[in-house]
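Only the coordinates and a few stated rules stand behind these numbers; no lab work does. It should be emphasised that the depicted structure is a prediction, and the values quoted were computed from it without experimental measurement. A quick note on method: Cβ atoms are made from the backbone with ideal geometry, for glycine too, and the neighbour counts reach across all protein chains shown.
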């Protein structure tokens, strides 16, 4: 890790701490984001095959370049459960504050394109009235 990367990670941790996350939770959010990004890369396809979900059972399967299917370890489901637990704990510990600069409840947005960060923490007020999170998720805190 170089100096610029260390400074970026420190800035990200400070931004997450200002929302009420602990340093440990900020590190866990970063690991979740990296895991989801890798999962999205595998869904799009990498050398040797791609990940896909069975339409009937919902299980993760690895499709090789030759078309054969094999069971795959499902990293996505566990990461999403851990993410939900961290967000729920933070929202339970931080009282909702109607003040515009107050904390309020945060939410997570998963961006499925592997070319960027996979996780954004959306604060209250990041989404303008009448818009959806899909169109302006980058106003949140990017976790990568």
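Based on alpha-carbon atoms, the Kirkwood radius and the radius of gyration of the stretch 46-144 give Rg/Rh equal to 1.10.
Taking every Cα-Cα distance in the stretch 1-108 and sorting them into 5 Å bins starting at zero, the pair-distance distribution P(r) comes out as 2, 11, 16, 16, 14, 12, 11, 9, 6, 2, 1, 0 percent. Each label was represented as a point 7 Å from its Cα along the Cα-to-Cβ direction; for residue 22 and residue 38 these points are 2.5 nm apart. Shape descriptor for the stretch 17-80: Rg over Rh equals 1.13 (Cα atoms; Rh from the Kirkwood inverse mean 1/r). A simple spin-label model places the labels of residue 132 and residue 11 3.1 nm from each other, with each point 7 Å out along Cα-to-Cβ. Against the main long axis of the alpha-carbon atoms of the chain, helix 3-18 sits at an angle near 60°.
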